[in-house]
Number of protein chains: 2
Amino acid sequence: MTTNNTSENTLDMGFSALRESYKTGVATPASVMADIRQRAADYKDHNIWIHLLTESEQAVWLDALKDKDMDTHPLWGIPFAIKDNIDLADIPTTAGCDAFAYTPKKSSQVVQQLIDAGAIPVGKTNLDQFATGLNGTRSPIGACHNSFNYDYISGGSSSGSAVAVALGLASFSLGTDTAGSGRIPACFNNLVGVKPSIGLLSATGMLPACRSLDCMTIFAYNTDDANVALAAAEGFDERDGYSRQNPFDNQARQYGLRTGPLKVGVIAAHQLKFFGDESYEKAYLQTLELLKEQGFAFQEIDYASFDEIAQLLYEGPWVSERYIATQPLIDDNPEAIFPVVREIIAPGGKPPATALFKAQYRINYLKQICLAQMAQVDCLLTPTAGRHFTMAEMLEEPIKRNSELGYYTNFMNLIDLASIAVPTVMTENDMPFGITLVGPTFSDRMLMSIANRIQQALPLKKGALEVMATPSNTTSVGHNQTIDVMVCG
Amino acid sequence: MTTNNTSENTLDMGFSALRESYKTGVATPASVMADIRQRAADYKDHNIWIHLLTESEQAVWLDALKDKDMDTHPLWGIPFAIKDNIDLADIPTTAGCDAFAYTPKKSSQVVQQLIDAGAIPVGKTNLDQFATGLNGTRSPIGACHNSFNYDYISGGSSSGSAVAVALGLASFSLGTDTAGSGRIPACFNNLVGVKPSIGLLSATGMLPACRSLDCMTIFAYNTDDANVALAAAEGFDERDGYSRQNPFDNQARQYGLRTGPLKVGVIAAHQLKFFGDESYEKAYLQTLELLKEQGFAFQEIDYASFDEIAQLLYEGPWVSERYIATQPLIDDNPEAIFPVVREIIAPGGKPPATALFKAQYRINYLKQICLAQMAQVDCLLTPTAGRHFTMAEMLEEPIKRNSELGYYTNFMNLIDLASIAVPTVMTENDMPFGITLVGPTFSDRMLMSIANRIQQALPLKKGALEVMATPSNTTSVGHNQTIDVMVCG
């Protein structure tokens with residue numbers, strides 16, 4: 001099965017292209033939605049959607065666009081996909097588990113803000129059940145397939161959200177990320193994956209995986225689009241206990257093109273792991289070479305503390321949060337849960353609070369070591385994933401290989417970092433590869449500005465489409481330094 | 001037994017007075033220390049000290065003063081007391097439990113910084129065992145007695161540290177505070193009690209009570225002295241997982257006299273509790289009247305969410321942290337622990353991690369409600385304690401009454417607030433009463449500047465001494481407003 005037929009060669013679902021076609025009258029939001037539904041039928045076997053919205057389900061938002069000025073609504077008519085652990089009013093939220101499903105009366109805070117900004121929901125996307133997984137195969141409706149090669153995993157847990165954008169069935173999408181679910185599928189489908197600082201996007205109306213660690217995330221073709229979507233999606237929400245005020249120096253207008261010298265931390269060579277995937281190893285080394293030519297300087301960092309933190313996510317007591325999130329189903333009807341997911345979550349009722357406190361102490365200790373290293377560089381750069389598995393390889397050893405997928409991603413939320421996954425090169429097998437930039441809490445726009453530079457330096461296509469993804473923002477931004485000025489009065 | 005004999009009527013242990021007497025040659029640090037040891041003998045029955053240092057144990061620090069310039073060492077020759085859950089090199093740390101005791105090779109980070117600034121340790125002070133209590137009676141060496149009236153509790157758990165300063169046996173002291181241990185004894189002994197933001201003072205070398213909540217604290221006669229001691233004590237320490245960088249607008253030089261209009265949140269009348277202590281109720285109302293005359297405006301806040309948080313501290317899974325802190329003793333030899341302390345800590349091994357996560361979710365939710373109210377005012381103001389119990393009353397119902405002591409204090413560290421206890425008036429029974437100012441994380445200097453204004457407006461004596469405590473800093477500071485200025489380059 002091929003995923004790019006001829007009719008799609010000129011398809012451009014980027015924000016600028018769509019807005020231009022709306023302005024010139026070449027298309028309307030309704031015609032774009034009709035086209036999406038038609039093309040979605042071609043990809044039925046990819047298992048992208050849990051609920052693709054019908055024309056009548058979409059009507060209310062398309063109608064509302066008449067009262068919205070395109071110039072003041074940055075997402076006017078832009079189609080977006082929603083991972084099915086995020087509420088969209090009057091549409092079931094299933095988290096990939098029918099026995100768990102409910103139909104919310106209200107949309108999640110972020111979905112509502114996006115709709116208010118003019119965006120149009122396309123549907124609810126497939127996921128590793130309860131967002132427990134990084135591979136995209138753990139769904140009762142069937143594994144989600146990669147947008148470049150049907151035999152490869154899509155990555156997860158935000159599998160459908162990534163594949164939908166990569167195939168041009170949405171212009172951006174919402175995922176969630178606890179252990180890497182907003183980054184791994186971005187890597188495997190040639191997309192930008194923004195994992196914001198915890199609390200930048202409201203979690204109201206989002207089903208928790210690990211409530212203390214979860215972030216809503218954004219998949220987009222490039223950093224320009226991601227910044228527009230993020231600006232509409234973000235905001236303090238006092239109903240969400242983990243919501244935080246975004247400081248001034250991380251606001252949308254701080255996004256631009258990071259110019260000047262850059263010192264970037266990279267993992268010491270002996271700590272890199274590619275789990276036998278030579279094509280990914282080559283792509284990573286090639287990425288570093290290309291970036292060096294673009295003025296990036298690299299400094300090796302010791303990954304040991306990051307790795308120890310990463311291992312605590314699934315081996316430590318945080319699985320208790322997943323247990324809570326699936327109560328009472330996990331207690332009353334565990335058979336309704338996908339077997340490999342149940343196997344992971346079921347022990348979560350057992351760890352004592354003492355184990356959790358001890359793990360938190362350890363993580364806080366390790367965090368200081370990590371932050372001290374990060375203070376020496378502009379950001380960290382890691383492979384987003386060490387290996388891209390085929391479906392067959394993944395299903396052979398579903399838990400071990402999932403854990404391998406998290407080698408570079410699991411630590412992130414446990415120590416409250418921001419990150420963005422960026423595609424950098426295609427492998428020798430013509431599959432996507434990408435890296436992740438990592439920075440401290442509320443470094444989101446700084447990271448996106450560096451990612452913009454990488455996307456401009458290493459031009460690639462939009463997802464699995466045939467048009468270029470290169471962002472166009474060239475507003476120069478340097479290293480953020482802030483000075484507090486006190487005003488007395 | 002009286003606690004103020006004639007010879008002490010003119011004793012002034014404040015920083016300025018001591019420095020003046022050193023400069024003029026009226027006294028030397030050695031003569032002050034000898035005098036302290038002599039006077040300490042008079043208060044033997046107060047059970048202040050677990051280990052009062054001998055002349056030879058102090059010699060090393062007194063000798064070192066010769067190489068230190070008084071002008072560049074703000075604590076030159078200033079005697080301070082150390083709660084016996086904080087390490088002083090080569091002296092046993094007991095936490096009030098001989099079976100637990102060990103002799104550290106190094107001083108805690110904060111003690112070392114104070115010594116480096118010229119301060120001289122006087123001894124290790126009595127405490128509620130393992131810092132578990134707010135009353136000062138839970139010690140195998142005997143209950144610590146109040147500095148004003150031997151029949152009253154000293155407050156705890158930092159009991160000896162407060163009473164030592166109040167009686168002029170030290171000029172300031174270190175306590176610790178998890179649930180109120182750095183504030184309740186300040187209130188009962190007519191002292192300022194600074195409970196800094198978590199992580200402002202290093203916890204390296206401090207025995208944990210609840211590791212995730214603990215703060216080291218400072219008892220002093222007034223805010224001027226407290227600010228000098230705090231400036232020497234604070235600082236980022238990467239070995240402490242909870243240590244944090246202090247932002248610019250909370251640094252020592254931001255301390256001054258808060259002038260101008262002030263809007264202060266006070267607890268709605270129906271939510272105030274004095275547990276039958278009319279003298280404390282009157283003192284509180286009198287305090288508000290006096291402050292109103294001084295330009296304070298009050299706005300009622302709803303205390304329900306604060307109170308719900310407070311109750312979670314002992315009724316929720318945080319007792320698991322106390323369990324961890326006493327391991328392996330609590331597992332191997334529980335009989336070695338003071339009975340009422342054992343009764344509190346022993347169940348701490350039982351709560352599951354799920355209970356802790358659920359409690360953390362609830363607290364984060366409630367925190368947003370609390371912070372939204374606090375954003376409307378310059379700070380909160382509460383009674384520090386609702387009632388001052390006699391020894392006899394306390395021992396009648398040790399757990400219930402301890403919990404009553406925490407009604408206004410327990411919530412503080414669970415939602416990461418800063419606070420300072422300030423004496424305001426003497427009760428009709430000639431006992432000390434005080435209030436606590438509460439602000440967000442890193443509002444320490446703002447709170448101290450308001451406390452300075454209160455101390456200047458309501459002159460009181462230094463602890464149980466006969467000299468006035470009124471601070472002299474009159475540098476006007478207004479409401480802190482910070483503007484971030486970005487420097488690109």
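What follows is calculated from the coordinates using simple rules that are stated; it is not laboratory data. As the structure is a prediction and not an experimental result, all values here were calculated from the model. As a convention, Cβ positions derive from the backbone with ideal geometry for all residues, glycine included, and neighbour counts pool all protein chains shown.
Assorted remarks:
- Across peptide B:345-356, the average count of Cβ atoms from other chains found within 10 Å of a residue's Cβ is 6.
- The protein assembly as shown - convex hull of the alpha-carbon atoms, volume per residue in Å³: 171
- Here residue B:245 yields copy-to-copy label distances, from shortest upward, of 1.9 nm, the label point defined as 7 Å from Cα along Cα to C-beta.
- Put simply, the convex hull of the Cα atoms in the stretch A:339-464 casts, on average, a shadow of 10.2 nm².
- Residue-span extension gain [residue B:288 to residue B:395] - 0.36 nm each, minus C-alpha spacing: 35.4 nm
- Rounded FRET efficiency, nearest 0.05, which uses the C-beta distance separating residue A:239 from residue A:335 and R0 of 35 Å: 0.55
- When both the stretch A:33-95 and the stretch B:48-72 are represented by their alpha-carbon centers, they are found 73 Å apart.
- Antiparallel DSSP beta bridges within chain A, as percent of all bridges there, nearest 5: 65
- Residues of type aspartates and glutamates that residue A:195 reaches as a straight line, Cα spacing below 17 Å, ignoring anything fewer than 8 places off in the same chain: A:177, A:214, A:224, A:225, A:234, A:416, A:444
- The stretch B:78-177: trypsin sites (Lys or Arg not before Pro) in DSSP coil with no more than 12 other Cβ atoms inside 10 Å: B:105
- The alpha carbon centroids of the stretch B:192-267 and the stretch B:341-420 are separated by 19 Å.
- Residue B:472 paired with residue A:259, simple spin-label distance in nm, labels 7 Å along Cα-to-beta-carbon: 5.6
- Axial C-alpha extent at least 24 Å, average Kyte-Doolittle at least -0.5 - helices from chain A (DSSP): A:353-374
- Segment residue B:55-residue B:299, extension gain: residue separation times 0.36 nm, minus the distance between their alpha carbons: 82.6 nm
- At q = 0.15 Å⁻¹, base-10 log of I(q)/I(0) for the stretch B:195-348 (Debye sum, equal scatterers on each alpha carbon): -1.17
- Residues of type lysines that residue B:282 reaches as a straight line, Cα spacing below 16 Å, ignoring anything fewer than 8 places off in the same chain: B:273, B:292
- Relative intensity, log₁₀ I(q)/I(0), of the stretch B:189-228 from a Debye sum that treats every alpha carbon as a point, q = 0.17, 0.21, 0.27 Å⁻¹: -0.50, -0.69, -0.92
- Bridges between two residues of the protein assembly as shown, per DSSP, are antiparallel at a rate of about 65%.
- The mean number of Cβ atoms from other chains found within 10 Å of a Cβ in peptide A:240-249 is 3, as a whole number.
- Diffusion of the stretch A:65-171 by Stokes-Einstein, at 4 °C in a medium of 1.567 mPa s and with Rh set to the Kirkwood radius over alpha-carbon pairs, works out to 90 µm²/s.
- Links that overshoot a 23 Å alpha carbon limit, given the list A:44/A:68; B:23/B:66; B:263/B:367; A:105/A:350; A:400/B:358; B:68/B:462: A:44/A:68; A:105/A:350; A:400/B:358; B:68/B:462
- Shape category assigned to the stretch A:154-271 from the gyration tensor of Cα positions, a/c cut at 1.5: rounded
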